[in-house]
C-alpha cells in the first residue's frame, strides 16, 4: 500500500509512483480509509503487447471526445474548439458530485436569487460504457439515446420506469448530434453527420419511419414553447458565416434569424429558445479574445444580438432553460479547451455565472425535463498512456507512462528517443518529457495554461507547441523547457509541425475570415499563407517537399479528404478519399520512408491506424485493435523506433436531480 502525503489518499496499486489527484510522489504505507484506486486490467488495453506498467484509472477530456465530423466542423470554423466532441467523444465514477465554489446569481427578481450551490444527486440510467448521446423527455418518463454496438450506433427509446427499450432508428457508422424530444413528447429528433454536413431527422418516440427534416445543419436544436418551430445553426465555411436558422418542426418555412462573420460567431451547441418564446439564448464568440465565448440573447422579432453574460468561457455547449426563465443550465470550460466541461448555470437577465460541479469527469449533451427537476447528461471517463516500441512495430510496444491522460492531447519523439507529450498529472495540461524506458519524467511548462500538440525540431534543440496563453498561439522553447518565446500572434493557431531543415513551422490557423495552412520561421516573424482553401492538421514529408493535410471538398458534398500540397504552398498535387469516420484531430502523418500517409479511422468505439500509399491504391490497415483507441503515433526518422498513445473511455447516461 502507498499513500499521498498531500491529499492523504491511499493506493493499493504498488506500481504507482505519483498521486493521481495532485501528482505528489507516493510514500509507503497507509494514511486514510478512502476508497482504493484499482489498476485497469491489462486485457482491457487495445493491444496484445506485453505491458511494462499496468494502466491506472485516469480521467479528463481527450480529443477523442469529439467525433470526427464534429472536429472537422470545429476546426474549419475554429470556433467550436473542444465542443461536443466532441472533443471530442469520448469520462464516470458514480457517486456524489464535488463542488469547488459558487457565485451569486442575479435574476429578474430578488426572490429568484440563489446564494448556495444546490445539492445535486446523480443516478445512472444506462451504464454500458458505450452511450454516445442521450436526451430526456419533457415529462421525464423516456430517455432517447444512441449506443455503440460493434462499430455502429442506433437511436433507442427507453421507458425509464419499466427499463424497457425499443430501437427507433437504424444503426449508422456516422456521428449523431441534436438528439431531442419534441415538447409534447411525440417525436424524437436526431441529426447525423453523413458526408461533411449534418442532416436532422424525426421519428415517432416509440418507433416508425424516420423523416428527413433539414440538411446542412449543425449543433444543438431547441424548440419554441409551442413546439411548432426549432432553432439550429448553419455554417458556410466559404463565406465564412455562422447563422441561426428557424424552421417549422415539419421542415417547412426555413428562415435566417441572425448571422455572424469574420472573427465573430455563434456557438451552435448552446442555442436555447426562451420559455416566453421571445428570444434565443446562445453563446457568441469572438476569436480575438483569450476566452472567446459569452452568453447573449437574439431577439426573434428583429434578430438583434445583445450580450448579457458577465463571464467569458473557452467553450460553452448544451444549454437548457429553468422553466421560470430565471437561469440557464449549461456545460462549459473556463480554463482551457482541453479541460473537462462542468455543469454551470447563468442567471437571466443578470448574467451571473456559477459553477455547479467540479468533477474529474467531463459532461456532454445536457437536456432537462419541462419542470426543471431532472436533467440528463453523458458522463465520460478516459484512459490513456504512452507506449514505446524498440522495433518500430505496434505489436512489440511496452507501456512506459504512469499518470493521467498522457499523450492524448499531443505526443512527439525527439531525435535522442525521448518522448515529449502533454499530460494533466500536475492538474493542468502541461508539456512533459520522459525517457523511452519510462524513467526521468520531467515537467517542462508550469503556467497552468492549456497546451497542445508539441513537436520537436530535427536537431532536437527546440520544442514547438500550442498554448492558450493570450489566445491559441504557437510557442517555442528549448528542449529542457527554458527560454520560451511566442512565435505567432493569431488567436486560433494549432497543430504545428517542423520542416526537415528546421527552418519553418507549418501549422493551421484562422486568418482574415478563413481557415487554412500557414508557416512561420523557427525564430518567428511574419507568417505566410500556404493554402487558399480550408485545410487543417498538416504534416511535412520526410524529404521536405510536401505537406499532407485534411480538407473539406466543396465539389464532393463537403466530403472530408486527404490532400498533398507543395511545401511552399499552393493547390493540391494529390488527393485521396478517406473514411468519413477518420479521426480528424490526430493529424495525417507520413511514414518514415515517405511512401505513405497514415491516419486513424474510428469505427464506433475502436480506433485503428491505416496507411494511404502516396502512389495511389487503397489504404491498408496497420493495426487491428478490437477495442480502445490509438490517439497518437510517432516514428523515429529512421523508422526503427515507434512511440504511440493507446487508451479507451467509458461513456454513460446519468440523471441529475436537486437543482430545483
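Structure data summary
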| quantity | calculated |
| --- | --- |
| Residue 624, sole failed condition from (1) closer than 24 Å to residue 412 by Cα; (2) surrounded by 15 or more Cβ atoms within 10 Å (Cβ to Cβ) | (2) |
| 1 or more residues within 18 Å of the chain's Cα centre (by Cα): qualifying strands (runs of 3 or more DSSP E) within segment 308-377 | 315-321, 327-333, 342-347, 362-368 |
| Residue in segment 604-627 that is assigned to a strand (DSSP E or B) and in contact with a helix residue (DSSP H, G or I) (Cβ under 7 Å, 6 or more places away or on another chain) present | no |
| Candidates 407, 460, filtered to the one that is closer than 30 Å to residue 535 by Cβ and surrounded by fewer than 24 Cβ atoms within 10 Å (Cβ to Cβ) | 460 |
| Inter-residue pairs, beta-carbon under 7 Å, first within 16 Å of residue 339 (Cβ to Cβ) and in segment 400-412, second assigned to a loop (DSSP other than H, G, I, E, B) and at pLDDT 90 or above, 6+ apart | 409/429 |
| Conditions (1) crowded, with 18+ Cβ neighbours inside 10 Å; (2) modelled with pLDDT under 95; (3) over 22 Å from residue 138 (Cβ atoms); (4) out of contact with any helix residue (DSSP H, G or I) (no Cβ under 9 Å at 6 or more places or on another chain): number failed by residue 242 | (4) |
| Evaluation of residue 575 against (1) assigned to a loop (DSSP other than H, G, I, E, B); (2) closer than 21 Å to residue 237 by Cβ; (3) touching a strand residue (DSSP E or B) at 6+ places or on another chain (Cβ under 6 Å) (one fails), failing number | (1) |
| Failed criterion for residue 260 (all others in (1) modelled with pLDDT of 90 or more; (2) over 27 Å from residue 145 (Cβ atoms); (3) not in a strand (DSSP E or B) hold) | (3) |
| Test: residue in segment 245-252 that is under 25 Å from residue 532 (Cα atoms), out of contact with any strand residue (DSSP E or B) (no Cβ under 8 Å at 6 or more places or on another chain) and assigned to a loop (DSSP other than H, G, I, E, B) | no |
| Only listed residue being farther than 18 Å from residue 456 by Cβ and either over 26 Å from the mean Cα position of the chain (by Cα) or surrounded by fewer than 19 Cβ atoms within 10 Å (Cβ to Cβ) (or both), chosen from 572, 541, 509, 482 | 572 |
| Near pairs, Cβ below 7 angstrom, 6+ apart or cross-chain, from segment 254-265 (over 15 Å from residue 299 (Cβ atoms)) to any residue that is surrounded by fewer than 16 Cβ atoms within 10 Å (Cβ to Cβ) and modelled with pLDDT under 95 | 261/239; 261/513; 262/513; 263/288 |
| Verdict on residue 158 being modelled with pLDDT of 95 or more, farther than 30 Å from residue 237 by Cα and part of a strand (DSSP E or B) | yes |
| Among residues of segment 402-443, those that are in a loop (DSSP other than H, G, I, E, B) and either in contact with a strand residue (DSSP E or B) (Cβ under 7 Å, 6 or more places away or on another chain) or on the phi > 0 side of the Ramachandran plot (or both), counted | 20 |
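Matching residues to (1) assigned to a strand (DSSP E or B); (2) within 19 Å of the chain's Cα centre (by Cα); (3) crowded, with 16+ Cβ neighbours inside 10 Å; (4) modelled with pLDDT of 95 or more:
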| site | (1), (2), (3), (4) |
| --- | --- |
| 166 | yes, no, no, yes |
| 171 | yes, no, yes, no |
| 189 | yes, no, yes, yes |
| 196 | no, yes, yes, no |
| 201 | yes, no, yes, yes |
| 214 | yes, no, yes, yes |
| 222 | yes, no, yes, yes |
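For (1) over 15 Å from residue 146 (Cα atoms); (2) surrounded by 17 or more Cβ atoms within 10 Å (Cβ to Cβ); (3) within 23 Å of the chain's Cα centre (by Cα), each residue gets a yes or a no:
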position: 192; (1), (2), (3): no, yes, yes
position: 208; (1), (2), (3): yes, no, no
position: 217; (1), (2), (3): yes, yes, yes
position: 230; (1), (2), (3): yes, yes, no
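The values are calculated or read from the model by the stated rules, or taken from the named source; none is laboratory data. Note that the structure is a prediction, hence the values are computed from the model and not measured. We place every Cβ from the backbone using ideal geometry, glycine too, and count neighbours over all the protein chains shown.
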